[in-house]
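**Q** Following this message is one structure expressed as structure tokens.
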Amino acid sequence: MGLLQNLAAIAIRNKVVGALRDGCPADLKDALETLLADKAAINAIQGLVGANLKTPSGINAGAILNLDMPQPSKELLVATPSLVDYLVRTAVGKLS
């Protein structure tokens, strides 16, 4: 990936992370911050969203839970279905 592509990816990630933090319900903030600290998990979720830009219906709880990501983040998402729902709603809302 070239420098400009890397900079664009960073800008997009920062915008998405900002939107997630700004709209996050108080009871999910700790779980969200834990997830955001896992770059591999965020890359996997970002890849899912990027692959479904034209088909937002492909962004759903099952798709997120089936992503290849580190086990601690996967366990966090399984244990916090409301966080998964929040991620889906936010991603689909931004694409609609």
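**Q** Could you tell me whether LYS54 is of a type outside the set (Ser, Thr, Tyr) and more than 22 Å from ASP22 (Cβ to Cβ)?
**A** Numbers: of a type outside the set (Ser, Thr, Tyr): yes; more than 22 Å from ASP22 (Cβ to Cβ): yes.
When the stated conditions are applied, LYS54 passes them.
**Q** In the range 46-85, which residues are open to solvent by 40 Å² or more (accessible area, probe 1.4 Å), part of a loop (DSSP other than H, G, I, E, B) and more than 23 Å from PRO25 (Cα to Cα)?
**A** LEU53, LYS54, THR55, ASN66, ASP68, PRO70
**Q** Condition first: among the charged types (D, E, K, R) and surrounded by fewer than 11 Cβ atoms within 10 Å (Cβ to Cβ). Can you find one or more residues in the range 4-20 that meet it?
**A** First, the residues of the range 4-20 that are among the charged types (D, E, K, R): 13, 15.
Checking which are surrounded by fewer than 11 Cβ atoms within 10 Å (Cβ to Cβ) leaves us with none.
No, there is no match, as no residue in the range 4-20 is among the charged types (D, E, K, R) and surrounded by fewer than 11 Cβ atoms within 10 Å (Cβ to Cβ).
The values are calculated or read from the model by the stated rules, or taken from the named source; none is laboratory data. Everything numeric in this text was worked out from a predicted model, so none of it was measured. Reconstructed Cβ throughout: ideal geometry from the backbone, glycine too, with neighbour counts over all protein chains shown. Side chains included, ligands, DNA and RNA excluded: accessible areas come from the protein's heavy atoms. Shrake-Rupley method; radii C 1.70, N 1.55, O 1.52, S 1.80 Å.
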